[in-house]
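Enquirer: Quick one: this structure, given as structure tokens, is what I'll be asking you about.
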Amino acid sequence: MPKLLQDLKSLRSSLILVPGMYYLMLIWSLLAADPENPRTVYYYNEMAFLPLLVLLTVLFFQRELGGSVMEIVATLPLSFAAMLIRKIALVLASAIILHIGWVAIYMQKFTKLETDLYSFPAKRLQWMEASWPQLLLQALPSYLLIIAFVVLLTVMTKKLYAGVAAGMTLWLLEVLSSGKALGRFVLLTKDIPKEIPFLQNRLLLAAAALILLLLAIWSANRRDRWIVHDDGE
């Protein structure tokens, strides 16, 4: 519990204003919308939500990786693997709460969620009414991948801005190329080519996220990287 409370102290940073303002803009765009002209569910569930995950990841990791704290932590008998997994769990928990928030407002405004969902009988995406769990589960692999990618780059470079830049660059590559730049690892469901099975793509993203997390743990566990050595004369 004390470690969890320490992790939550990250929320007291002024850095919370960045994801906070971004999320408020998304919510305002829903509140200000015409009730007779429903907003695109896919936009809020995937395209606009991925940058928020980048910002949330940096927020929860800024306490350790935003200064010289890791140099001290590296000298203590603490598990870096447990720390990374705990913080990623907090990022996901926060993301789920925020996800529930926009879905609740959307339902209040437009009464139902309609978007392209994967149909197991048809084995393809179909336009249909969706539930909240369906929306979350369909996008979850891409959520996990971008979080793990930001964590890995932040740990490897020991710089928060590198993690932000990496996450936003990955998102931009996806958006600007309509997924072509990422091949089989396309993040957004609407960009998955017809020749790539939907489930294969989602499983590849989940597997890639696990591999990136393991690499981040391996990199973090190289404790000598975090300790600054002063060369004597």
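Enquirer: So how far apart, in nm, are the two label points at Leu31 and Trp127 if each is 7 Å from Cα heading toward Cβ?
Expert: Computed distance between label sites Leu31 and Trp127 equals 3.0 nm.
Enquirer: Kindly sort Lys109, Lys87, Lys194, Lys180 by accessible area of their heavy atoms, largest first, with the probe set to 1.4 Å.
Expert: Lys194, Lys180, Lys109, Lys87
Enquirer: Need the full-extension length gain, Leu137 to Lys159, defined as separation in residues times 0.36 nm minus the C-alpha distance. One decimal, nm.
Expert: Numbers: separation 22, 0.36 × 22 = 7.92 nm, distance 3.08 nm.
The Leu137-Lys159 span can extend by a further 4.8 nm.
Enquirer: Report, by chain and number, residues whose modeled amide H sits under 5 Å from the one on Ser119, excluding near sequence neighbours (fewer than 5 apart, same chain).
Expert: Arg124, Leu125, Gln126
Enquirer: Using just the alpha carbons, could you tell me how many Å³ per residue the convex hull of region 19-171 encloses? Could the numbers behind the result be given before it?
Expert: Details: hull volume 17.8 nm³, N = 153.
That works out to 116 Å³ per residue.
Enquirer: Now for a separate question. Could you sort Glu36, Glu46, Glu114 by their accessible area in this structure, using a 1.4 Å probe and putting the largest first? All intermediate terms of the calculation are to be shown ahead of the outcome.
Expert: On the way: Glu36 155, Glu46 5, Glu114 65 Å².
Order by accessible area, largest first: Glu36, Glu114, Glu46.
Enquirer: Label Ile196 and Ala181 with points 7 Å out from Cα along Cα→Cβ: what is the distance between them in nm?
Expert: It is 1.4 nm.
Enquirer: Which of rounded, prolate, oblate describes region 99-222, given a ≥ b ≥ c as roots of the alpha-carbon gyration tensor eigenvalues and a/c under 1.5 marking rounded, otherwise prolate only if a/b is larger than b/c? Write down the numbers at each step before the final one.
Expert: On the way: a/c = 2.14, a/b = 1.60, b/c = 1.33.
Prolate is the answer for region 99-222, as a/c is 1.5 or above and a/b outweighs b/c.
Enquirer: Then there's this: Would you kindly derive the ³J(HN,Hα) couplings of region 37-50 from the backbone phi angles with the Karplus curve 6.51 cos²θ - 1.76 cosθ + 1.60 (θ = phi - 60°), listing them in order in whole Hz, with x for Gly and Pro?
Expert: 10, x, 5, 6, 4, 4, 4, 6, 6, 10, 4, 8, 7, 4
Enquirer: Relative contact order for region 121-233 using alpha-carbon pairs under 8 Å, separation at least 6, rounded to a whole percent?
Expert: On the way: 94 pairs, mean separation 36.1, N = 113.
Worked out over region 121-233, it gives 32 percent.
The values are calculated or read from the model by the stated rules, or taken from the named source; none is laboratory data. If you're wondering where the values come from, they're calculated on a predicted model, not measured in any experiment. No Cβ is skipped: glycine too gets one built from the backbone with ideal geometry, and neighbour counts run over all protein chains shown. For accessibility, only protein heavy atoms count, side chains too; no ligands or nucleic acids. Shrake-Rupley method; radii C 1.70, N 1.55, O 1.52, S 1.80 Å.
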